[in-house]
Structures are given as structure tokens and as C-alpha cells.
Amino acid sequence: MMTVTIKLSSVLFFLLTKTISYIPSANAFASYSSRDYCLFQRRHDSERVTVALQGSSRSTNSISNDDSSSPPPPDVLCIGETLWDSLPSGIYLGGAPSNVAVHLAYLFNNSPPSSSSSDSKASVAVATCLGNDQLGKEAQRRLALNGVRTDYVQVHSEWETGMATALLDSNGDATYEFNTPAAWDGLCLDSNLKWLIQHQEQQIDAQEKDENQDDILFVMGTIAGRLNNEYGATSLSTLMSVRNTAPEGTVVVDINLRSPWYKDETVLDLIRGSAKENKKLALLKVNEEELATLERWCGNMDTKADDLFGDALKTRMEQVAQSLNTQRICVTRGDKGAALWCENGNVTSFDESPGYSLPKKKNDGDTVGAGDAFLASLINSLFIHGETSGKALERACALGGYVAGCRGATPAHCDAPDSLRNVFSI
């Protein structure tokens, strides 16, 4: 009797390829919906990124130190996990930083150039580690297809591309089970990342001479550091290096507390950064449960977890911001909208939005990726286009509400109803 062993990644890749729909010819556009046209455009554009994909990722065991080979800096670099989300409705590319990157690419491609970037549109890249397998290659292909630069992607020689099995409750909220260790646990501080941080520091110095120079924004979550240094994992040390060496006000942290994959001291260290450097975050994003957790960790015991509106919430957010060394803090409240507290020198501001939502059909939609879409819109409005905090919050709530009513984490923006798309689009 013969026994055949098949890798999980090979089976899943086969299933993924079977879900790719037929791509119509250009002459068939008239009979297809706007969504079909939007998806065709991105697939057609993939022909132009094929060459860039070949050799763009780097093995974690053979990293070059030749700075001259470093890619040009993006406007936003999302750092952390890229994985596949296995949901009841299908298998989707995911991972919070990658979801943020895809939504930013959608927004950048549909927005005019920012006021400080002349004729060029903003660009977004992802720094992650994928397995040397079919799922890793497909993840990289889809990132590039969606407009995300992949020249900071690394490839792990031993660990497989990450997979998260999502279990949805009656409200569409997900809990996750991860394969461990996965390739994204092995993200290294390679020469590309080192060069980018050094370049950013040079840009900050040059701003005294050229005020039109743009900052690079580094976006990271906390879950990529889940293993600390267990199994030889390196992602946490990479995140900490970026946090502590990037210039002040250029790092965004999105809290993602997935039990049992976090330790309070590790999360707090990543948010606060090195006490020696004392560099403030540009933005800290949390949900209402995570806000209460941070308050407990910081010893803010005189607050109430159900104070989620108005002056009471403003006080809570201001206290946490001061405790955790951040210029801005955003609290999302699910279908009740969000709030944003900002510090600009000696002036502070506080804005709230009641949020937006789509009518969700039974068993059709989930909340996966809604927070990532929200963050992408907030970044685009606040940091790329320099809009007011109130306008940025309104746009973010609109995009988050749209994604919360869809399947998967990165639905096409062209499918959003006009009532929402006109709000989150710039």
C-alpha cells in the first residue's frame, strides 16, 4: 500500500487557483459590471509587474549588504505578517499590515497626487516574510497585482507561508488559529530596511533646506512579534529596531491582541519605544476593548470601560496617549463609529464620528479587515493629504463600514455604494 504525503500549502494553492474566475477580453467590457471591470484592470496590470516580481524578494539566509541595490523609498511601508485567511466563505490573502497596504494602494490609485508630491501619486510597500512555497509566490503576486510594492518582501528557506483559520461568531467577528512558526515570524532587519531608515533620517535633516520633502511612514502591528525569540523568530526584534531607529512621528502602531500571542510588557515596549530615544509615535490605533486593556497595564484605574463617548472618552484617550508616548490615538467602537485625539504642540483636538455601515445579508459578510481598511483611510487622509482630523475620521469610518459588510479583508473599492465611496475617496 502506497502512502502519499501532500503539503498543506500545495492543497490550498490548488484550491486558490480553482477559484480564479475567467478573465474576459477587452472587447467584452460592455457586458460586465463595474466590479468586473475593476478586477480586470488589476489583473491586466499584472502583466506590467511580472518582471518586477522576478527576483524582487530576498532570502533571509542570503541578504545582501550592497546599499546601492536598495529599492527607492515608498511613502508608506507596512511591516509585519502576510498570510492567508481561511474563512467559511473562502481563502483570502490577509495579515493586518498587508491589508492596510492593499487598501492604501486602492486609495492611492484612485486619488490625485498629494499637495507635496507634485505630479506623482503616493506609493506603498510591504515588508514581510513569505515561505518558499506556492502560497508565498501567490501572495506576492496578488500584492503586486493590487498595486503594493513587493521589493521589501523576504523569503524564508524553512518555514511555510502563514495561514490563519478564522472562526466567525454570529456577528461575523473572528477568532484565529495560526500555523506556528510561520514565515512571517522570521522577518529580518535586512539591508533594505536599514537603508530605508537611514534614508528617512537624512530626509528629516534635509527638511530644514527643503520643506517639500516627504516623510516615510512606517506602519506596524503587534501580532508579528508574537513569538518573541522562540523557534528562532526574528520579527519582534525587527519591529523594535524600526520603532527605535525611525525618526519621531513616523511610526504608526495598530494594537492587535490575539490571545495567547502577546505579552503586556512586549506590547508596551513596542508602543513606547526606547526610553533613551523617547520618540513619539505618529499614531496609535486601538479598539474599545484594547483601550481598557492598555489603561489597566498603565495603571489608569480611575476610568470606566463603558465611557466611550464625549468628554469622558477624551479624558481616557489623553491619559493613555501621555502614558504611551504618542502624538495621536484613535479608538474604534465597532458599529458605533470611532474617536480621534491629536496633539500638535501645545494644542490638542478631539473628534468623533458615529460611523457608517452596510446592510449585511445573512451569512454574507464578515468584519475581517474592517479595522485595517479604517486605518488605511486614516493614514491616507491625515498623513498623505494633510486633511483635518475630523475629515480623516469621517473618511475612515466610511471605508471601514463598507469593508465590514463584505466578504474578505480587501474588497474592491469600486464596489462600494456611492454613498460611502464618495466619502472615503479623495
R0 = 45 Å: FRET efficiency of residue 306 with residue 191, Cβ-based, nearest 0.05? 0.40
May I ask for the distance between the Cα centers of the stretch 300-321 and the stretch 128-191, given as a whole number of Å? 35 Å
Computed label-point distance, nm, for sites residue 426 and residue 158 using a 7 Å Cα→Cβ extension: 4.3 nm
Among 396-407, 192-203, how do they line up from the highest to the lowest mean number of other beta-carbon atoms within 10 Å? 396-407, 192-203
Amide H neighbours of residue 163 under 5 Å, at least 5 residues apart or on other chains, H built in the peptide plane: list them. 84, 179
Given the pairs 276/314; 285/391; 137/194; 194/285, which are separated by over 20 angstrom at their Cα positions? 276/314; 137/194; 194/285
Excluding residue 261 itself, calculate the net charge of residues whose Cβ lies under 13 Å from the Cβ of residue 261, where each Lys or Arg counts +1 and each Asp or Glu counts -1. -2
Cα gyration tensor, the stretch 93-185 - rounded (a/c under 1.5), prolate or oblate: oblate
Using θ = phi - 60° and the Karplus relation 6.51 cos²θ - 1.76 cosθ + 1.60, list the HN-Hα couplings for the stretch 74-85 in order, rounded to whole Hz, with x at every Gly or Pro. x, 6, 9, 10, 9, 10, x, 7, 10, 8, 10, 8
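Provide 318, 289 ordered by accessible surface of protein heavy atoms (probe 1.4 Å), highest first.
Details: 318 55, 289 115 Å².
So the residues, ranked largest to smallest area, are 289, 318.
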Which residues qualify? For residue 95, with a placed amide H closer than 5 Å and at least 5 residues away or on another chain, they are 83
Using the Karplus curve 6.51 cos²θ - 1.76 cosθ + 1.60 with θ = phi - 60°, what ³J(HN,Hα) values do you get for each residue of the stretch 411-426, in whole Hz, with x for Gly and Pro? x, 4, 5, 5, 8, 5, x, 4, 4, 9, 4, 5, 8, 7, 7, 10
Two pseudo-spin positions, 7 Å from Cα along C-beta at residue 348 and at residue 167, lie apart in nanometres by 4.0 nm
Once residue 419 and residue 229 are pulled to full extension, the length gained, defined as 0.36 nm per residue separation minus their Cα-Cα distance, is 63.7 nm
Whose amide H sits under 5 Å from the amide H of residue 127, counting only residues 5 or more places off or on another chain, with H placed in the peptide plane? 78, 79, 80
Among 262, 176, 231, what's the order by accessible area (1.4 angstrom probe), most exposed first? 231, 262, 176
With DNA, RNA and ligands ignored, accessible area of residue 191 (1.4 Å probe; Å², nearest 10): 10 Å²
If contacts are Cα pairs under 8 angstrom and at least 6 residues apart, what is the relative contact order of the stretch 299-341 in percent? 28 percent
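The values are calculated or read from the model by the stated rules, or taken from the named source; none is laboratory data. Keep in mind that this is a model prediction, so the values were computed, not measured. Reconstructed Cβ throughout: ideal geometry from the backbone, glycine too, with neighbour counts over all protein chains shown. Ligands, DNA and RNA are stripped out before the accessible areas are found, and what is left, the full protein with its side chains, is counted by its heavy atoms. Shrake-Rupley method; radii C 1.70, N 1.55, O 1.52, S 1.80 Å.
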